[in-house]
């Protein structure tokens, strides 16, 4: 009887693992859509936006850990291990904020700033809540689920390219999206956060990078973000003017050539670290002869 139960449990586990990708992906795509709706409701109220955003972020990580244990039968979920959480988030935040400040200073150096005025501290606080939830939801979905599971079969290189392209394509849904903007997001943001995940095996560094980049972008400088038609609520209001290769045009500075170049540097550094530490996985699926 014990053997029968053991076999039954083994079959159940195998079935769960076989369908883990669609189950996890559908669950978290639903969460992403729900999060977008929640952000629309609470973002006008700064006192609600921040705690709700942090709450969504915490719930997302908790739900991801629990679903990974149940659906994939994983006893541990190292990519969201709380050990090293704060160091990963803080290092990622330093990288993300530093990169975007560098981007804006270079745009200014080449004459891309037209005007700057004060915005609102409360707007900054509301945007902080929104960007916290968005960063966690997107990194769990794209790096924690899509990247991690694809990498097991396709290897690191193919997965990095594929996941980055998909990450860029999702930004085509924004009202002022452009094809070049989506390509730039894929080559900069998608590749950078993917490299951060590969180099550390953790989601904390890419979450920190993603959150700080978006917060500096929308919450501090207040420039158009990823082709969104809605003006961000921010500490400053910055108006850019000049050719699209410099300013990114209607898509925002993420579509500028400068963004691509400055994100390339840490991406290469992180991938070199991953190579040194043996974190680059080979492709495991082989074509049959």
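The values are calculated or read from the model by the stated rules, or taken from the named source; none is laboratory data. None of the values given here were measured: they were computed from a predicted structure. Every residue, glycine among them, receives a Cβ derived from its backbone with ideal geometry; neighbour counts consider all protein chains shown.
One table, with the values for the structure above:
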{"quantity": "All positions within segment 64-90 that are in contact with a helix residue (DSSP H, G or I) (Cβ under 7 Å, 6 or more places away or on another chain) and assigned to a helix (DSSP H, G or I)", "calculated": "64, 65, 67, 71, 79, 80, 85, 88, 89, 90"}
{"quantity": "Unmet requirement for residue 102, which otherwise passes all of (1) closer than 23 Å to residue 208 by Cα; (2) free of Cβ contacts under 8 Å to residues at least 24 places away in the same chain; (3) surrounded by fewer than 17 Cβ atoms within 10 Å (Cβ to Cβ)", "calculated": "(2)"}
{"quantity": "Which listed residue is more than 30 Å from residue 238 (Cβ to Cβ), in a helix (DSSP H, G or I) and modelled with pLDDT under 95, from 61, 52, 38", "calculated": "61"}
{"quantity": "Failed item, numbered, when residue 7 is tested on (1) at pLDDT 70 or above; (2) part of a helix (DSSP H, G or I)", "calculated": "(1)"}
{"quantity": "Any hit, segment 70-88, residues being within 24 Å of residue 222 (Cβ to Cβ) and surrounded by 18 or more Cβ atoms within 10 Å (Cβ to Cβ)", "calculated": "no"}
{"quantity": "Failed item in (1) surrounded by 22 or more Cβ atoms within 10 Å (Cβ to Cβ); (2) outside any helix (DSSP H, G or I); (3) touching a residue at least 40 places away in the same chain (Cβ under 8 Å), with residue 210 passing the rest", "calculated": "(2)"}
{"quantity": "Verdict on residue 154 being modelled with pLDDT of 90 or more, surrounded by fewer than 24 Cβ atoms within 10 Å (Cβ to Cβ) and assigned to a helix (DSSP H, G or I)", "calculated": "yes"}
